[in-house]
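J.: Right, I'll just put the structure down here and ask away after.
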Amino acid sequence: MDSWVIGMMLGVSIFLGSIALVAMMWAIKKGQFDDKEKFLNAALFDDESELNDAIKKEKKREDALKKKDYRPE
């Protein structure tokens with residue numbers, strides 16, 4: 001191979017790699033990978049109805065915590 005082909009391939013690889021790195025850093029900064037519960041629930045609950053039941057239980061738990069912390073002034 002000629003040296004210009006190797007240089008062009010190296011340049012394109014570095015360019016595409018830098019785009020991927022910037023995209024990954026942007027996604028981390030925006031919090032795209034912070035939702036751990038979504039992946040855990042997807043593994044635990046196979047059916048859509050089971051996911052809906054899990055959401056209802058979570059809302060009930062949050063409501064109970066809100067009522068527990070309620071202090072009238």
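J.: So what are the ³J(HN,Hα) numbers for segment 8-25, from phi and the Karplus equation (6.51, -1.76, 1.60; θ = phi - 60°), rounded to whole Hz, Gly and Pro as x?
T.: 5, 5, 5, x, 5, 5, 5, 4, 5, x, 5, 5, 5, 5, 5, 5, 5, 5
J.: Turning to a different aspect of this structure: Mind giving me the nanometre distance, one decimal, between the label points for ALA54 and LEU40, set 7 Å out from Cα along Cα→Cβ?
T.: 1.0
J.: Could I ask something else about it? So what are the ³J(HN,Hα) numbers for segment 56-65, from phi and the Karplus equation (6.51, -1.76, 1.60; θ = phi - 60°), rounded to whole Hz, Gly and Pro as x?
T.: Here the 3J(HN,Hα) series is 4, 5, 5, 5, 4, 5, 5, 5, 5, 5 Hz.
J.: Evaluate E = 1/(1 + (r/R0)^6) for LYS67 and GLN32, where r is the Cβ-Cβ distance and R0 equals 25 Å; express this FRET efficiency to the nearest 0.05.
T.: 0.15
Laboratory data are not the source of any read-out in this text; all were calculated from the coordinates shown. Bear in mind the structure is a predicted one, so any value in this text is a computation, not a measurement. Ideal geometry is used to build each Cβ from the backbone, glycine not excepted, and the neighbour counts take in all protein chains shown.
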